[in-house]
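For reference, the structure is listed below as structure tokens.
The values are calculated or read from the model by the stated rules, or taken from the named source; none is laboratory data. These figures come from a predicted structure and were not determined experimentally. Please note: Cβ atoms are built from the backbone with ideal geometry, for glycine as well, and neighbour counts cover all protein chains shown. Calculation scope for accessible area: heavy atoms of the full protein, side chains included, ligands and nucleic acids excluded. Shrake-Rupley method; radii C 1.70, N 1.55, O 1.52, S 1.80 Å.
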Amino acid sequence: MSIDHYENFPVASLLLPRRLRGAVTDIYRFARAADDIADEGSASDEERLNQLAVFRAELHRIGAEPGSTPEPGPPELAGIFKPLAATIARHQLPITPFYDLLSAFEQDISVKRYEDYAALADYCTRSANPVGRLMLHLFEATNPQNVSEADSICTGLQLVNFWQDVRVDWRKHRVYLPQEDLRRHGVSDDDLAACRLTPAWRDLMAFEVERARALLHFGAPLARRLPGRMGLELRLVVQGGLRVLERIQASGYDVFMNRPELGAKDWAIMLWRAIT
């Protein structure tokens, strides 16, 4: 499955058990469609929020009849919510993670800066962590330790996306680097706009890269505990995040002109690390 839009979602690849690929696809379809509403096109903020409100109403419809697969309201949403309702009912998935994802997409429309890491981490609990929690439910592997480590992996991957997409997000008038970190390292909005690769910028990015790396390493034991294909899939996901961080570091933290793109060599390294 392509993940070119909603990058925080695990790929519904051949590594996943066949019985779960459809469920992952249904959840991904919902997340990608909602994310596109928040990010793509030329709609006004009000129009985007109104469209997401329709998604929220559809979740209310599903949640009002637990275990059932109610027909969606607007016909154009049938391709998203009819299979999603069936997946939620079949696997007895909680509805809260879907609301959390919508909350994050709504926040992307209205919030363009984050004062400190606590505010950014709160956003990640809704933009990224619900994905890991849903996957744990699908694999019937939900327990406090697994949830904690899955949250750490998902937040870490979200930060990796932010750090590699600094220039992309700037063009959308968004800055996910915490404002207090920018001030502490002496990096200004003018530096971001001009793509200045200063010593201060390198110090800032070295700090942020280590923050994301620590989260991925904290969650990594989960991938060793999960059995079979899911364990291998998650190990590759973790190694992918770590490899992007390595590439950012190797470029001298120049994410302005050298956004990391993983090639065949990177995938070979990731696979070797995942199976050893």
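Some values worked out for this structure:
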read-out	value
Residues that are open to solvent by 10 Å² or more (accessible area, probe 1.4 Å) and either assigned to a helix (DSSP H, G or I) or at pLDDT below 90 (or both), drawn from region 241-256	Leu242, Arg243, Val244, Glu246, Arg247, Gln249, Ala250
Matching option when the condition is within 18 Å of the chain's Cα centre (by Cα) and surrounded by fewer than 17 Cβ atoms within 10 Å (Cβ to Cβ), among Ser188, Ser152, Ser148	Ser148
Scan of region 221-235 for residues that are in contact (Cβ under 8 Å) with a residue 12 or more places away in the chain and open to solvent by 30 Å² or more (accessible area, probe 1.4 Å), ordered by number	Pro221, Arg225, Gly228, Arg229, Leu232, Arg235
Failed item, numbered, when Val238 is tested on (1) without any contact (Cβ under 8 Å) to a residue 60 or more places away in the chain; (2) in contact with a helix residue (DSSP H, G or I) (Cβ under 6 Å, 6 or more places away or on another chain)	(1)
Total residues in region 80-128, condition of a type outside the set (D, E, K, R), more than 16 Å from the chain's Cα centre (by Cα) and open to solvent by 50 Å² or more (accessible area, probe 1.4 Å)	5
Residue match in region 56-63 (condition: in contact with an Asp or Glu (Cβ under 9 Å, 6 or more places away or on another chain), part of a helix (DSSP H, G or I) and not aromatic (Phe, Trp, Tyr))	yes
Test: Leu236 is within 22 Å of Ile269 (Cβ to Cβ) and either in a helix (DSSP H, G or I) or in contact with a strand residue (DSSP E or B) (Cβ under 7 Å, 6 or more places away or on another chain) (or both)	yes
All helices (runs of 4 or more DSSP H) inside region 87-142 with 2 or more residues being at pLDDT below 95	96-110, 129-138
Single residue of region 166-185 satisfying the filter (among the aliphatic types (A, V, I, L, M) and within 18 Å of Leu245 (Cα to Cα)) that is surrounded by the fewest Cβ atoms within 10 Å (Cβ to Cβ)	Val168
Verdict on Glu261 being of a type in the set (Asp, Glu), open to solvent by 20 Å² or more (accessible area, probe 1.4 Å), assigned by the TED database to the domain that holds Gln145 and not in a helix (DSSP H, G or I)	yes
Some residue of region 194-216 being more than 24 Å from Glu246 (Cβ to Cβ) and without any contact (Cβ under 8 Å) to a residue 12 or more places away in the chain	yes
